[in-house]
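The values are calculated or read from the model by the stated rules, or taken from the named source; none is laboratory data. Source: prediction; values computed, not measured. Ideal geometry is used to build each Cβ from the backbone, glycine not excepted, and the neighbour counts take in all protein chains shown. Please note that ligands, DNA and RNA were not included when accessible areas were found on the heavy atoms of the full protein model with its side chains. Shrake-Rupley method; radii C 1.70, N 1.55, O 1.52, S 1.80 Å.
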4 protein chains.
Amino acid sequence: MIIILRPDATEANIEHIVERAQKLGLKANVSRGVERTVIGFIGPEDALRVVPLEVFPGVEQVVQVLAPYRLVSREFKKEDTIIKLNYGTNVGGKKIAVMAGPCSIEGYEPMLSIGKTVKAMGANILRGGAFKPRTSPYDFQGMGEEGLKILQAVGKEVGICTITEVMDTRQVELVCKYVDVLQIGARNIQNFSLLKEVGASKKPVMLKRGMSTTVKEWLMSAEYLMANGNFDVMLCERGIRTFETATRNTLDINAVPVAKKLSHLPVIVDPSHGTGSWEYVGAGARAGIAAGCDGLMIEVHDNPEEAFSDGAQSLMPSKFQEMMAGCRRVAQAVDRDL
Amino acid sequence: MIIILRPDATEANIEHIVERAQKLGLKANVSRGVERTVIGFIGPEDALRVVPLEVFPGVEQVVQVLAPYRLVSREFKKEDTIIKLNYGTNVGGKKIAVMAGPCSIEGYEPMLSIGKTVKAMGANILRGGAFKPRTSPYDFQGMGEEGLKILQAVGKEVGICTITEVMDTRQVELVCKYVDVLQIGARNIQNFSLLKEVGASKKPVMLKRGMSTTVKEWLMSAEYLMANGNFDVMLCERGIRTFETATRNTLDINAVPVAKKLSHLPVIVDPSHGTGSWEYVGAGARAGIAAGCDGLMIEVHDNPEEAFSDGAQSLMPSKFQEMMAGCRRVAQAVDRDL
Amino acid sequence: MIIILRPDATEANIEHIVERAQKLGLKANVSRGVERTVIGFIGPEDALRVVPLEVFPGVEQVVQVLAPYRLVSREFKKEDTIIKLNYGTNVGGKKIAVMAGPCSIEGYEPMLSIGKTVKAMGANILRGGAFKPRTSPYDFQGMGEEGLKILQAVGKEVGICTITEVMDTRQVELVCKYVDVLQIGARNIQNFSLLKEVGASKKPVMLKRGMSTTVKEWLMSAEYLMANGNFDVMLCERGIRTFETATRNTLDINAVPVAKKLSHLPVIVDPSHGTGSWEYVGAGARAGIAAGCDGLMIEVHDNPEEAFSDGAQSLMPSKFQEMMAGCRRVAQAVDRDL
Amino acid sequence: MIIILRPDATEANIEHIVERAQKLGLKANVSRGVERTVIGFIGPEDALRVVPLEVFPGVEQVVQVLAPYRLVSREFKKEDTIIKLNYGTNVGGKKIAVMAGPCSIEGYEPMLSIGKTVKAMGANILRGGAFKPRTSPYDFQGMGEEGLKILQAVGKEVGICTITEVMDTRQVELVCKYVDVLQIGARNIQNFSLLKEVGASKKPVMLKRGMSTTVKEWLMSAEYLMANGNFDVMLCERGIRTFETATRNTLDINAVPVAKKLSHLPVIVDPSHGTGSWEYVGAGARAGIAAGCDGLMIEVHDNPEEAFSDGAQSLMPSKFQEMMAGCRRVAQAVDRDL
């Protein structure tokens, strides 16, 4: 921690800050410049981080020296984390994982059909929502536990891992029974109660970045999961909210290399939400792989016109197949498999 | 609902859309212009809203005619909603409500002291967090139920209403026992499970706008509360996230008249979070009142240097008193009391 | 300037940086902490500011100690700047200046009519665009020099100061001949050639903040004007671009106290552009005054339906009069006149 | 154009709007729904676009049917535009163009050295700034005409096309004499005087998207160039401004397929500005190609530590070579050459 003082800060101001730091076990290093005095602290920065130094008299600016996250960081663990799932599926290694399926689970038959299709085309994790976070209370809210049962049955029938969103602390235990991977949605990125509960469950989890979450905050939410005991965490970039309205969200492609540099966790890209339109999903998926992501999440539906939700951004199977072919070539061009 | 077709849309495309609308009980009105064909629909728009018309062949643009919210709208209810609380406190009428207190409940003695102080200075609702949404898992997470008991005891002792945040569906029943008003924080604006649970509780509730929530989405989240039976809803503007870093958030002052125009619900302004710095809280509070808000939420602490959280944006009692005096004059200038 | 090193920075890295700083006349103060080494520099920071320290091996983060602007800062000049114009009009003192008039100059008669009206209602500067920055090349681009002549004639006839936008370095001399105050529009906030030319002209100038300009960058653009010799600079907050689409722009009310704290220059608020809708202009104007601004800029048109531009956000004279009455009361409530 | 009326709109309101439209030569189609009346207009929409329909009594919402740009659109021209330059260099065809070089021209010798290097590594356009848009008036402002002469001389010596930024209407003629391609920088995206002057010059031009420019506005600025006679226009995505601070800008990768869909103009990606850090340039470049861009613009410097500007995001030649090798593989994976 470094404090930059105001030009009119007094010796008493300096003394007051130094004393406070010393009480917390830190050594203060006061450097008097021509225009500003600067105080650097040596010792356990965490103790000082919760003190609102900005309100101390004479303080102009407070600079953090250390990142506030630890377990998720590359400093904590140098090697890439690889998460091992059923059916030999890994997330995080050379092979790029592909999660695909409909936005919502809509019944056994359609789920089985799409499950077989996406597996045949190369997906290794089947997605489908049973509890749906919908902007309107009047929209379809998901099939609930019945949907989870369908997803589990289809997963076994097809021989593919499954992922579904969990929205409520009270559902965590239930959802854990039925699927291989939990998903925390963008809207729950700072639902800290849910993060703690999912952390405690130790079930593999994919954490979607929120619409206006910085990379730093995204990593802090992942830290919640890890600090509560869950080390099988995947990060998912799904587009952020900006002023641009030509697309539903702005896929933050920079976030891929940034997150890979700062953290050892695998990074998934979701171009379905990241663009909001099936026409742009292929471009976003290829870009994600070219930028270094470890997996894709893609909405696929046999008949988008009839989808219960997110039809506009769902690919028909034929388009998904085309996308996979294009992605495979790009993956090879960056020494990855798909 | 209106659909604008692509220039290359065929008659078969048009027929396909018209048929689908008819099945849903709507009448389609096809208007062939020079450069584009437009289809308008007459009938229950809600039925069509969930159909992903964007993916129908030939469609270029889909335009909503009606707002997706109903119960929260001025169309549904013309008169301003006034929420009646204990001790003769109203939120929503001529008198501007003032919620004040520390970010976190830190113990009985400090809470009692600050409670007496803010009441004496004109506040009529005492705030204090027992469950704290903290970005870091290593930061103080709140006193929990013990904190709720303190808040309740102080409220009774001082004779002032109380408000506290609820973060988890499992806490709703508990929190309802202890306080007069529930708060849903910015990070939970689209925690739909929580919205449903708080809606069902019928306890007066203040809904903070999320950091990147549009006014429309904010109203949709309020609609969740009302659709689940809770009509005592206050909206709270607390700053949005933008590119500007000179302040913690950007207080969206426009949102006050916009929300008042679109909805009958009372609108609170929180300049503590809206600016993030005690130096700007007074300006933000006065601006809120001048723009037409119905209440203020202000963080006040006896000793911000020692605050467990949000010290940088907390006012000392003397500054709070000064702020109240300034706000009172502005309130009178816009024919309100405070 | 402070440099925070990476955990793996070597002694050679440190030496390399220290040497470079010494060559530039700075003294380096190396502080070795438990987890990071920090280097502080004592001496003329400007010399170091242009060196890309981020690319030096071993560097993790570079922290500026001093603001990059000087002449515009409160440190440079403590007292508020007051700009003296014709007809006893000041911008920056106790009395709040009001600039009002149509978006575009549309002819002598309408300009005279609106000029008389707004003056009678309390405005002291008449606005009107002769060169219009229009998003579309097919929209009305302004009357050019003929418009300037009209504005000057009406100003004299009515006895009121005038302001108009200048968009092109080649127009600066011409525009200076006709008006009292130059305006630099939001889109030209970083048109540095124009800033230099207007700086050299020494004509009073109002600098509109750009749609995505931080307060710091806004002040840097003002610094361009002052560094080129022009000390009669007003800042104008006119709304920033955010994700919110309910209003044309988001009026950044926080920017008023922030700019007043950092700079001695007067701050104007433009709620016409800041909201984009005549219905919200009054709320924005009152909020601006309550937050401490020194002036208002308001679009007024005798018949908004027929306005050549910006009709949607223009007030009719009767609405302007109402707005002025409301603003006057708020001004008095914050010890200002209007 | 479509107008949605308020629920309380009167017949007189409707008549008033219909009359106005008829005067402008449009036919109005009034459709009375259950909750709203909608008016569609048939005929030349441009005539109506400049009328502020939002202020007409009874109007709730105005919907544009047609995009406001014409010449830049795919509707106007179906085939991709290919711009032919010297030395057989094309921008817009199967081969991806690579523009590379230092941020600023710093002298003949360094320019010659870097020019030879980047050409040898596969670049076909040499970049270098002679007039620099710098945030601070105290920073290096470029070598001016002397820099242009150096760039021209090096271009001839090396046998490579050249590009440089033009910032001022008064410089356009001068700059045209020395280089093959003009660049309009992000800060001048809505400097309409400059757009007109560069449009009239008919010199090939690359138009950088502004920091907060929507794709639609970006295309409108390109329309200015084309409407003034210049058809050799390239678009350049260089990152937008968002809330994220981990990178200098947020590279909007979605903008590539969106701009390619809406327009026939070639799209360049600038990952140097789009990320702001040399560490992420390679990922951004590969993502741009995978998403379908037609060219890259990359800052390369022999010694970034000594660069006059933008050192932090400049690649050393060895890193540039590595980047080119990676990009070439991705280009082939999407059936392009580089």
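Could you work out the relative contact order of segment B:24-175? I mean the mean sequence separation of Cα pairs under 8 Å and 6+ apart, divided by the number of residues, in percent. Mind dumping the intermediate values first?
Working: 179 pairs, mean separation 24.0, N = 152.
Normalised by residue count, the contact order of segment B:24-175 is 16 percent.
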Sequence ranges B:75-86, C:295-306, A:300-311, ranked by mean other-Cβ count within 10 angstrom, highest first: C:295-306, A:300-311, B:75-86
Radius of gyration and maximum dimension Dmax of segment C:87-175, Cα, Å: 13.4, 43
Residues whose placed amide H lies under 5 Å from that of D:Gly129, excluding near-sequence neighbours: D:Ser104, D:Ile105
22 Å Cα-Cα threshold exceeded, pairs from A:Lys84/A:Lys202; D:Lys119/D:Lys149; C:Lys23/D:Lys319: C:Lys23/D:Lys319
Karplus-derived 3J(HN,Hα), 6.51/-1.76/1.60, for each residue of segment A:172-178, Hz, glycine and proline x: 4, 4, 4, 5, 4, 5, 9
Carbon + sulfur, % of accessible area of segment C:80-134 - ligands and nucleic acids excluded, 1.4 Å: 52 percent
Global geometry of the protein assembly as shown, whether rounded, prolate or oblate, following the gyration tensor of its Cα atoms and the 1.5 cut on a/c: rounded
Under 15 Å from the Cα of A:Lys94 - aspartates and glutamates, other chains or at least 8 residues apart: A:Glu79, A:Asp80, A:Asp294, A:Asp335, A:Asp337
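State, as an integer percentage, the relative contact order of chain A based on alpha-carbon contacts under 8 Å between residues 6 or more apart. Before the final figure, lay out the partial values.
On the way: 709 pairs, mean separation 52.6, N = 338.
Relative contact order comes out at 16 percent.
Given a 1.4 Å probe and no ligands, DNA or RNA in the count, how much accessible surface is buried by C and B, both sides, to the nearest 100 Å²?
Numbers: alone 15590 and 15590 Å², together 28270 Å².
For chain C against chain B, roughly 2900 Å² becomes buried.
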Karplus-derived 3J(HN,Hα), 6.51/-1.76/1.60, for each residue of segment A:237-250, Hz, glycine and proline x: 7, 10, x, 10, 8, 9, 6, 6, 10, 5, 10, 4, 9, 10
For residues of C:231-243, the mean tally of beta carbons on other chains within 10 Å: 4
Segment A:184-338, accessible area per residue, ligands and nucleic acids excluded (1.4 Å, Å²): 24 Å²
HN-Hα J in Hz across segment C:31-47 - Karplus 6.51, -1.76, 1.60, θ = phi - 60°, x for Gly and Pro: 10, 8, x, 5, 10, 9, 9, 10, 10, x, 10, 10, x, x, 4, 3, 4
Amide H within-cut-off set for D:Gln61, under 5 Å, with H built and near neighbours excluded: D:Ile4
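Pairs C:Lys156/C:Lys203; A:Lys95/A:Lys203; D:Lys132/D:Lys208; C:Lys177/C:Lys208; A:Lys260/D:Lys260; C:Lys95/C:Lys260: which exceed 23 Å Cα-Cα? Could you put the intermediate results ahead of the total?
Working: C:Lys156/C:Lys203 18 Å; A:Lys95/A:Lys203 21 Å; D:Lys132/D:Lys208 15 Å; C:Lys177/C:Lys208 21 Å; A:Lys260/D:Lys260 29 Å; C:Lys95/C:Lys260 16 Å.
Beyond 23 Å between Cα atoms: A:Lys260/D:Lys260.
Using a Förster radius of 45 Å, what is the FRET efficiency between D:Val30 and C:Asp302 based on their Cβ-Cβ separation? Nearest 0.05, please. Don't skip to the end; give the middle numbers.
Numbers: r = 29 Å, r/R0 = 0.64.
Given R0 = 45 Å and the Cβ-Cβ separation, E is 0.95.
Listed highest first by mean packing, meaning other Cβ atoms within 10 Å per residue, what order do D:161-169, B:66-74 come in? Present the calculation step by step, with values, prior to reporting the outcome.
Details: D:161-169: 24.3, B:66-74: 19.6.
Result, highest mean first: D:161-169, B:66-74.
For segment B:1-140, with every protein chain kept in place, what is the accessible area per residue (1.4 Å probe, Å²)?
The answer is 43 Å² per residue.
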Distant-in-sequence amide H partners of D:Leu315 (H built 1.01 Å from N, under 5 Å): D:Glu299, D:Val300, D:His301
Sequence ranges C:14-26, C:253-265, ranked by mean other-Cβ count within 10 angstrom, highest first: C:253-265, C:14-26
Cα centroid separation - segment B:1-63 against segment B:162-219, whole Å: 38 Å
Inter-centroid distance (Cα atoms) of segment A:273-289 relative to segment C:278-314, Å: 41 Å
Peptide C:53-62, shielding by other chains (average Cβ, 10 Å cutoff): 4
Shielding of D:134-147 by partner chains, average beta-carbon count, 10 Å: 4
Percent carbon-and-sulfur accessible area, segment A:296-338, ignoring ligands, DNA and RNA, probe 1.4 Å: 47 percent
Relative contact order computed over segment B:287-326 (Cα-Cα under 8 Å; 6+ residues apart), in percent: 32 percent
Threshold 40 Å² - residues in segment A:246-264 whose accessible area is reduced by that much or more when the chain is no longer isolated, probe 1.4 Å: A:Thr250, A:Ile253, A:Asn254, A:Pro257, A:Val258, A:Lys261
Zone residues, segment D:133-161, relative to D:Glu109, backbone N less than 16 Å from point 7 Å out along Cα-to-Cβ: none
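Only four residue types carry charge here, +1 at the Cβ of Lys and Arg and -1 at the Cβ of Asp and Glu. Report the dipole size of the protein assembly as shown about the Cα centre in Debye, rounded to the nearest 20.
Values: 160 positive and 160 negative charges, 0 e Å.
Computed charge dipole of the protein assembly as shown: roughly 0 debye.
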Shielded by partner chains, segment B:17-42 residues - at least 20 Å² of accessible area, 1.4 Å probe, vs chain alone: B:Arg20, B:Asn29, B:Ser31, B:Val34, B:Glu35, B:Arg36, B:Val38, B:Ile42
